[in-house]
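**Q** First, the structure itself, so that you have it in front of you.
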C-alpha cells in the first residue's frame, strides 16, 4: 500500500501515469462487457417479449421456458415408458397366444381429435394449434385412465405392481396437463403465441365431442390407444420446444 506522506507528493504525476494504464484497461474491459451484455440480451430477447423473471439475469425468461419444456418432456417420456411396459405386461398375461395387442387397427376414442401425421406436418402447424392438440389429448385421457386403474382390481392374475403403474399413469396425465398449461401461459407472456392459448385450458374447449366413447372399449384396446397417444404427446412437445427454443438442447 502506498502511503500518503509528503515524500510522494512530488512524484504525484508519475504515480498518476502509472495508474493511467490499468485505468484505461479497466474502462476498455467495462465497455467490452457492456457490449457483450447488450448482444446477449438482444439474442435472448429475440422472441419479442420483456423478461418476466425476478432476478437480474437477462436471459432467465428464455431459460425458464426451456426448463419448463424439459420438465414436461421428461414427464411425458416417463409416462409413455410406463404405458409401454404396462402394454407389454397386458399382452403377456392376457393374450400370450393370440398376441392381438397392437395388431388390430383400433378406433380410439381420441380419433375425433385431429392430430398431425408425421414430424413434418407437426412442424408446419401453428404453435397454438399444436399446443391445443397436446392439451386435448391429455384431457381426453383423464377419466379413462382413472377407470382403467379401478377395473384392474377385477383381474386376479394381474399383480399389484402393474396396478400401481395404471394409477401412476392416471396421476401423470393430470400432472402433465398442468405442466403443459404452464408452458402455454409462459409462451403467451413471452409473445410466442397469441391470446387464444388462454381458451385452451377450458375443459369444454378441450374435450372431444364424444368424450365417453372410451366406455365401450376393452381394457387392452384402451391401453393400446393410450400408448399411441402418449407417444404423440412426447413427440409434439419435443417438436414445439425445438421450434421455440432451438438453441437449448435441440
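**Q** Which of the peptides 67-74, 117-124 is most tightly packed, and how do the rest follow, judged by the mean count of other Cβ atoms within 10 Å per residue? Could the numbers behind the result be given before it?
**A** Values: 67-74: 18.0, 117-124: 11.5.
Taking the mean over residues of other Cβ atoms within 10 Å, the ranking is 67-74, 117-124.
**Q** To continue, here is another question. Roughly what would the spin-label model give for residue 120 and residue 247, points 7 Å off Cα along C-beta, in nm?
**A** Reported label-point gap for residue 120 and residue 247 is 3.0 nm.
**Q** For residue 107 and residue 174, FRET efficiency with R0 = 25 Å and r from the beta-carbon atoms, rounded to 0.05?
**A** Computed FRET efficiency for residue 174 and residue 107: 0.50.
No lab work stands behind these numbers, since they all come straight from the coordinates. These numbers were taken from a predicted model, which means no experiment stands behind them. Neighbour counts run over all protein chains shown; Cβ positions are idealised from the backbone, glycine included.
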